[in-house]
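S.K.: Sharing a structure below in structure tokens format, with a few things to ask.
None of the figures in this text is laboratory data; all of them are computed from the coordinates on show. Worth saying up front: this structure is predicted, and the values here are computed from it rather than measured. Here Cβ is always computed from backbone atoms with ideal geometry, including for glycine, and neighbour counts include all displayed protein chains.
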């Protein structure tokens, strides 16, 4: 299939976009990446995702698909040859979907809370909550990997890319706060997994360097502070 | 064979209703166990330790939590009868997106209608109607969201119809007059036995909402 048949509307620092890039790379799908300016959304983005107006959007032929988890499942179903991303057993699939929802809805917002924490006390409280979540994910990893290197077993699978896309922001959060989030004394299996994930060739070069993300955090915080100062002086 | 199927549920739960409908559509025999919400049993905590919520589908002793995940599980395991998700990957993606829209918009806004007051409640009422109109647009002239056949999005959405009376009473407004196409679709779904037998009585849903309001300290 020609590269122009598959387009990905995205923004490099978005972990949701990175997730789709991993899936496309794992399946060796030629595609065109069309970077989006999220501050000024393009006609194409607004037309392709009128309901949520967000990236990522995969455009296959002329059909747009949005929401990263939906896109990854779509990719797995259309390009159904190996490697399979979702497990084949229905119960294992339900388990993978459960943890994906947990990671997106419960766990990653805690990383954002950490980024927004301004004093030492709220930073420590945020890290504590993150660790509780990571303990659950450590158990999920042990159960899912069956002694192998990835959530998907010997190969990268759905949960690997669902969690792995956040590793850049996790590292940026550690640099920014000076606190460890992925700690080998607390979640050794996940630390090992993170190293294997980051060095996989389908992942290489996709996630921006942590330093770039740290700069983005500083920029967001400066903007938020300016907006707050602005509002309080009106 | 079906194996042992237990549904841990609560009568008024719109999420539980989704699974009741799906199991009925597939002709699966199961044991229904009622949780006395807002009190939660030790069994519920054991089956759903992370979210501690109903419904939980328990198949041969293994729990599946989160209604849309359990809905897909039911569709995959009992795939030969009344398939809910379409077979075309693009249509499946669209179905998943719209079910997600129901969870993010209809459910969350509906909850605000009965639990919020003043401006917050007014805003929720307005956005709720807007969300229903978006869904009406997506339905178009089709009999069901699934097209000619009753499907995944229909199952995900129809339980909320049993909550309309509670929303209307708490919010002091009428939904049907503003969204007649939605109501026509809902009545069509209610003609299916799987739906009419699974949906809670709207008066009992309202009684449940009053219990919730008391429990959460909402006037």
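S.K.: Is the shape of the range A:88-211 best called rounded, prolate or oblate, per the rule: a/c under 1.5 gives rounded, else a/b larger than b/c gives prolate, else oblate, with a ≥ b ≥ c the square roots of the Cα gyration tensor eigenvalues?
M.R.: prolate
S.K.: Only Cα pairs under 8 Å and at least 6 apart count here; give the relative contact order of the range B:89-216 as a rounded whole percent. Present the calculation step by step, with values, prior to reporting the outcome.
M.R.: Values: 106 pairs, mean separation 34.0, N = 128.
Relative contact order for the range B:89-216 comes out at 27 percent.
S.K.: Which three lengths, in whole Å and largest first, does the protein assembly as shown cover when its Cα atoms are put on their principal axes?
M.R.: 62, 57, 49
S.K.: Okay, next question. Go ahead and estimate [θ] at 222 nm for chain B from helices alone: -39,500 (n - 2.57) per DSSP H run with n ≥ 4, summed, over the residue count, rounded to 500.
M.R.: -16000 deg cm²/dmol
S.K.: Over chain A, calculate the relative contact order: mean separation of alpha carbon pairs under 8 Å at least 6 apart, over the residue count, as a percent.
M.R.: 19 percent.
S.K.: Could you line up B:87, A:145 from fewest to most neighbouring Cβ atoms inside 10 Å?
M.R.: Ranking B:87, A:145 by Cβ neighbours within 10 Å, fewest first, gives B:87, A:145.
S.K.: Could you list B:14, B:190 so that the one with the fewest beta carbons within 10 Å of its beta carbon is first and the one with the most is last? Write down the numbers at each step before the final one.
M.R.: Values: B:14 23, B:190 14.
With the fewest neighbours first, B:14, B:190 line up as B:190, B:14.
S.K.: What's the exposure ranking of A:99, A:107, going from fewest to most Cβ atoms within 10 Å?
M.R.: The order, fewest Cβ neighbours first, is A:107, A:99.
S.K.: Using only alpha carbon pairs under 8 Å that are at least six residues apart, calculate the relative contact order of the range B:5-78 and give it in whole percent.
M.R.: 39
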